[in-house]
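Reviewing the structure listed below.
The values are calculated or read from the model by the stated rules, or taken from the named source; none is laboratory data. Keep in mind the model is a prediction, meaning the values are calculated, not measured. Please note: Cβ atoms are built from the backbone with ideal geometry, for glycine as well, and neighbour counts cover all protein chains shown.
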Amino acid sequence: MAWQETNMKTICAAIAACITLASPGAHSADAYPARPVQLIVPFSPGGAVDVLARQLAQRMQAQGYTIVIENKPGAGGNIAASQVARASPDGYTLLMGTTNTHGINSALYPTMPYDPIKDFAPVGMVAENVVVLLANQSFPGKTLQEAVDVLRKNPGKYTYASPGVGTVHQLAMEQLKQAANLDVVHAAYKGAGPAMSDLVAGHVPLMIGGIAPALPFLSDGRVRILGVANTERYPTLPDVPLFSEVAPGVSVRSWIGLFAPAGTAAPVVERLSADLRAVLQDPGFAATLQPLGMAPRPITPQAFGDMVRDDMPKWSAAVKASGATQ
């Protein structure tokens with residue numbers, strides 16, 4: 001009997017061990033990360049999102065990660081996002097998602113190679129990106145309200161540049177146009193760099209975009225910031241008014257965040273999210289984002305996923321109202 005009892009205990013222990021090993025994610029949080037993590041960035045090297053990704057990767061080293069950046073530009077981020085959606089859900093392939101990959105594109109493109117909600121496990125927002133209306137030094141409006149007044153009195157006379165059709169920047173300006181009854185011609189560029197060059201040269205009087213490309217030209221007065229399209233004033237631009245202050249209800253939320261493939265074990269997602277939030281709460285990291293026109297936004301996976309889901313109808317309405325298509 002003693003022999004049988006001993007063997008039964010051994011057998012039960014072995015079965016329990018097997019069940020534990022077979023359970024998805026049972027040891028994943030403790031063992032993870034056991035090898036380098038691939039972070040797919042949906043834009044070319046050197047841009048603001050790419051720079052943010054590389055700074056984040058460097059900071060995550062202190063949390064035990066080796067992160068390898070892979071740039072997969074094209075189709076507004078759809079190429080990169082679809083690659084991650086199809087990747088093994090083991091936590092070793094992540095996406096640096098954006099407002100386009102998980103919001104605008106679903107309304108902009110007639111067909112999508114992935115489902116932004118069903119095919120991903122949200123990890124957390126990394127940063128919010130400030131969207132600003134910029135003016136060449138020769139433009140007569142010196143403030144946002146003055147600019148609106150000038151545009152309203154001169155329908156069809158002025159042109160604004162954007163980094164491209166269907167970007168959060170263009171949609172922000174189109175919302176302002178509709179709410180303030182403005183007739184301004186849109187000039188879509190292939191990226192912020194060429195648009196900024198033409199703004200500085202005076203070929204276009206206005207541009208909607210991020211703050212980073214404008215930094216070299218703000219100090220000497222060749223370019224000035226008229227307004228911020230986000231939901232709240234940007235910390236380093238406390239005196240620059242919001243679009244909603246001249247056109248109530250007009251605002252956008254431009255963000256960058258981390259996503260894993262759907263089915264990634266919950267302990268791995270929680271580990272990633274906790275380590276990400278630790279980096280974002282470091283004042284030193286926040287300081288590195290300011291020149292990029294970004295501010296860290298540490299939130300939980302649940303809160304991030306809810307935000308992405310809640311914003312989808314808003315982006316659909318904005319794209320439809322703008323007439324933008326791809």
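Out of the residues in segment 40-96 meeting the condition of being closer than 19 Å to D282 by Cα and basic (K, R), tell me which one is surrounded by the fewest Cβ atoms within 10 Å (Cβ to Cβ).
R54
Is there a residue being under 30 Å from A87 (Cβ atoms), buried (at least 24 other Cβ atoms within 10 Å of the Cβ), touching a residue at least 60 places away in the same chain (Cβ under 8 Å) and touching a Pro at 6+ places or on another chain (Cβ under 9 Å) anywhere in segment 223-235?
Scanning segment 223-235 turns up no residue that is under 30 Å from A87 (Cβ atoms), buried (at least 24 other Cβ atoms within 10 Å of the Cβ), touching a residue at least 60 places away in the same chain (Cβ under 8 Å) and touching a Pro at 6+ places or on another chain (Cβ under 9 Å).
If R253 meets every condition in (1) touching an Asp or Glu at 6+ places or on another chain (Cβ under 8 Å); (2) of a type in the set (D, E, K, R); (3) not in a loop (DSSP other than H, G, I, E, B) apart from one, which number is that one?
For R253, the exception is condition (3).
Please work out which residue is surrounded by the fewest Cβ atoms within 10 Å (Cβ to Cβ), limiting yourself to segment 293-320 and to residues that are of a type in the set (G, A, S) and under 18 Å from V131 (Cβ atoms).
For segment 293-320, the residue satisfying everything is A317.
Given the condition in contact (Cβ under 8 Å) with a residue 12 or more places away in the chain, part of a strand (DSSP E or B), more than 22 Å from I40 (Cα to Cα) and of a type in the set (K, R), answer yes or no: does some residue in segment 302-320 qualify?
no
Checking the structure you have, find out if any residue of segment 276-292 is over 20 Å from G210 (Cβ atoms), crowded, with 16+ Cβ neighbours inside 10 Å and touching a helix residue (DSSP H, G or I) at 6+ places or on another chain (Cβ under 9 Å).
Yes, segment 276-292 contains a residue that is over 20 Å from G210 (Cβ atoms), crowded, with 16+ Cβ neighbours inside 10 Å and touching a helix residue (DSSP H, G or I) at 6+ places or on another chain (Cβ under 9 Å).
Among the residues of segment 194-203, write down those that are under 24 Å from T325 (Cβ atoms) and surrounded by fewer than 24 Cβ atoms within 10 Å (Cβ to Cβ).
Within segment 194-203, P194, D198 qualify.
Conditions: (1) at pLDDT 95 or above; (2) farther than 23 Å from T111 by Cα; (3) not hydroxyl-bearing (S, T, Y). A80 meets all but one. Number of the miss?
Every listed condition holds for A80 apart from (2).
Can you tell me which residues in segment 147-169 are in a loop (DSSP other than H, G, I, E, B) and either among the small types (G, A, S) or at pLDDT 95 or above (or both)?
N154, P155, G156, K157, Y158, G164, G166
Which of the residues spanning segment 119-161 are β-branched (V, I, T) and under 19 Å from the mean Cα position of the chain (by Cα)?
Correct list: V123, V126, V130, V131, V132.
Condition (residue is on the phi > 0 side of the Ramachandran plot and modelled with pLDDT of 95 or more) applied to segment 274-281: is it met by at least one residue?
Checked segment 274-281: no residue is on the phi > 0 side of the Ramachandran plot and modelled with pLDDT of 95 or more.
Please determine, by comparing only the residues of segment 39-75 that are in contact with a strand residue (DSSP E or B) (Cβ under 9 Å, 6 or more places away or on another chain) and among the small types (G, A, S), which one is modelled with the lowest pLDDT.
G47
Can A265 be described as without any contact (Cβ under 8 Å) to a residue 40 or more places away in the chain, under 28 Å from Q63 (Cα atoms) and out of contact with any strand residue (DSSP E or B) (no Cβ under 8 Å at 6 or more places or on another chain)?
Criteria not met by A265.
Being more than 26 Å from the chain's Cα centre (by Cα) and either farther than 25 Å from A247 by Cβ or not charged (D, E, K, R) (or both) is the filter here; which residues of segment 175-199 pass it?
Matches in segment 175-199: A180, N181, L182, V184, V185.
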